[in-house]
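Participant: Following this message is one structure expressed as structure tokens.
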Amino acid sequence: MSENNEETTTIGARLKAARTAKGLTIDDLQQITKIQKRYLIAIEDEQFDKLPGDFYVRAFVKQYAETVDLDGNALLEEYRDQLPSVHTETIVENVDEVQPTRVASREQPASPASRVRNYLPTIIVTAIVVLILLFIWFMAVRTHAGSSSSTSADSSSVQVSSSKKQSSSSKASSSAKSSSKASSAKEQTIKANGSSDTAYTLTNGADKNKVVIKSTKAAWTSVTTNGTQTWQGMLKADGSHTLTLPSNATTVKFQFGNATATTVTINGKAFNFNPKNSTSQVRTITLTIK
């Protein structure tokens, strides 16, 4: 009996028990955390020497814990004696070699020639600035003289051009009204493909659709657009992430590690990707954009 109690108090057994309680397999955990399966097994078996290094031991244990709804920082502190520690040492040798000598650090008096060389870049820059200002002034005077001579000729065509502008503006306003009516008639919709609860179609969306992902608990999410991963990450409790899909997006795949605690909005409207109230936490949803 005492052996069983001692076994369950180890960090590996505690993580494994939390994973089993959530109904996750090692393969599910590998898909959510992107940590290789052999490292996850090594953590549960407490064979930390099989991991890439001491830093990765603590990082992987923390990510494992947060995925199964445990406090990663508290778990590292509680089992710090069972985990390898990370040390950073900085050694500075040959201090005398890096310290400047008094003789070398003394400032030598500058000669007149060196003073001129020091100020030469400033003198050149100042001269260039003055030349540029003179050129601008000359061009401004020349332009003003030419515009004054053409003012009388332009005044005769003002009335004709203004009448053309009024007619064109009235046409533009009427076309804008008709286009606004046509656009208001189209409303964004997201519907399931038949009876499927994993495949949906978005119609009348934006040119670049804005997606907001929120989670009430720690949840891993991945978004893939046209076969290329757009974003993936771990959201904290009550966390959110906003991303904008490219204008050429036709297929978007969402992978949820904690689907029941995750919500998605597209262009400000809720995307109900779980209409049948599935209790499965790991889900993959495909959205086709038309």
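The values are calculated or read from the model by the stated rules, or taken from the named source; none is laboratory data. Here the structure is a predicted model, which is why all the values come from computation and not from measurement. With ideal geometry, Cβ positions are generated from the backbone for all residues, glycine too; neighbour counts draw on all protein chains shown. We work out accessible area using only protein heavy atoms, side chains counted, and drop any ligands, DNA or RNA first. Shrake-Rupley method; radii C 1.70, N 1.55, O 1.52, S 1.80 Å.
Participant: Grab the beta carbon distance between Asp28 and Glu187, set R0 = 41 Å, and tell me the FRET efficiency rounded to 0.05.
Facilitator: 0.60
Participant: At a 1.4 Å probe radius, carbon and sulfur cover how many percent of the accessible area of the stretch 179-290?
Facilitator: 48 percent
Participant: What is the sum of charges, Lys and Arg at +1 and Asp and Glu at -1, for the other residues whose Cβ falls under 14 Å from the Cβ of Thr225?
Facilitator: Spelling it out: positives minus negatives among the neighbours equals +3.
Participant: Whole-Hz ³J(HN,Hα) for each residue in the stretch 227-236, computed from phi via Karplus 6.51 cos²θ - 1.76 cosθ + 1.60 with θ = phi - 60°, x for glycine and proline: what do you get?
Facilitator: Residue by residue, the stretch 227-236 yields x, 10, 5, 8, 7, 8, x, 9, 8, 7 Hz.
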